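Here is the structure we will look at.
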Amino acid sequence: MTNKTSAGSGAQFHYDGRTIALHWASAFLVALLWCAGQSIDWFPRGDPRVTVRSAHIVVGLTLCLVVLYRLVWRARAGRQLPSEMRGGSQRLATLLHKLLYVLLLGTVALGIANVWVRGDTLFGLLAIPQFDPGNKALVHQVEDLHALCANTLAGAALVHALIALAHHFWLHDGVLLRMRAPR
């Protein structure tokens, strides 16, 4: 849901605080997970790698919960679209947002599948049994799909951020400011 407040010559729209918090929490978790995923193999085998991989799994599950909550919140709260965001630009924005949600859910689902087919341990405390022990081809296939989806998500998120920056610095239309908490 959006709030309408006047600012300067025209109306400035802001998303509600919960939507803003969920957006930035998702962005932070995606960036953290992508960086961790890129660096897990830098750690020596054994406890250091298990710790980083376990943290990656826990943060990934946290992202799953945030995204699911975000979808429920968005469906229940609804939102008004500012009149200047209707038409072709709104259709493109909607398409990119849907793509981001599909990639978020796909990456998380493939991450869960990755843990299951690989068989993992969480901080050495909880063992997750391997789905098909000895099937290295399946492990590599799921790992590769998870990485591809995560990299595609990172690319789409970068495009999303660049478009927001273009709106702010070139179009000066206040789109980026909608995702800032109202004062």
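The values are calculated or read from the model by the stated rules, or taken from the named source; none is laboratory data. Note that this is a predicted model, so its numbers are computed, not measured. All Cβ positions, glycine included, derive from the backbone under ideal geometry; neighbour counts span all protein chains shown.
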Notebook entry, point to check: Out of the stretch 60-72, which residues are under 14 Å from Ser26 (Cα atoms) and surrounded by fewer than 16 Cβ atoms within 10 Å (Cβ to Cβ)?
Noted result: Leu61, Thr62, Leu65, Leu68, Tyr69, Leu71
Item checked: Top-ranked residue in the stretch 115-133 [being farther than 17 Å from Ala150 by Cα and among the β-branched types (Val, Ile, Thr); ranked as modelled with the lowest pLDDT] -> Thr121
Note to self: For a quick check of your reading of the model, give me the residue pairs whose first member lies in the stretch 71-89 and is closer than 19 Å to Ala164 by Cβ, whose second is modelled with pLDDT of 75 or more, with beta-carbon atoms closer than 6 Å and at least 6 apart or on different chains.
What the structure shows: none
Note to self: Take Thr107 and tell me if it is modelled with pLDDT of 90 or more, in a helix (DSSP H, G or I), among the β-branched types (Val, Ile, Thr) and surrounded by 12 or more Cβ atoms within 10 Å (Cβ to Cβ).
What the structure shows: yes
Notebook entry, point to check: Would you call His56 more than 18 Å from Ala161 (Cβ to Cβ) and either surrounded by 14 or more Cβ atoms within 10 Å (Cβ to Cβ) or modelled with pLDDT under 95 (or both)?
Noted result: yes
Next item on the list: Could you list, in sequence order, all residues of the stretch 41-53 that are touching a residue at least 12 places away in the same chain (Cβ under 8 Å) and surrounded by 13 or more Cβ atoms within 10 Å (Cβ to Cβ)?
Entry: Val50, Thr51, Val52, Arg53
Check: Can you tell me which residues in the stretch 116-153 are in contact with a Phe, Trp or Tyr (Cβ under 9 Å, 6 or more places away or on another chain) and in a strand (DSSP E or B)?
Finding: Ile128
Margin query: Being more than 14 Å from Val30 (Cα to Cα), of a type outside the set (Lys, Arg), modelled with pLDDT of 80 or more and touching a Cys at 6+ places or on another chain (Cβ under 9 Å) is the requirement here; does Ile112 meet it?
Written below: yes
Margin query: I'm checking my understanding of the structure. Among residues of the stretch 154-183 that are free of Cβ contacts under 8 Å to residues at least 24 places away in the same chain and part of a loop (DSSP other than H, G, I, E, B), which one is surrounded by the fewest Cβ atoms within 10 Å (Cβ to Cβ)?
Written below: Arg183
Next item on the list: Consider only pairs whose beta carbons are under 6 Å apart and that are at least six residues apart or on different chains; among these, list those whose first residue lies in the stretch 118-135 and is β-branched (Val, Ile, Thr) and whose second residue is modelled with pLDDT of 90 or more and part of a strand (DSSP E or B).
Entry: Thr121/Ala127; Ile128/Asp120
Next item on the list: Answer yes or no: is there a residue in the stretch 117-139 that is under 20 Å from the mean Cα position of the chain (by Cα) and surrounded by 15 or more Cβ atoms within 10 Å (Cβ to Cβ).
Entry: no
Note to self: I'm trying to understand the selection: among the residues of the stretch 134-183, which are at pLDDT 90 or above and of a type in the set (D, E, K, R)?
What the structure shows: Lys136, Glu143, Asp144
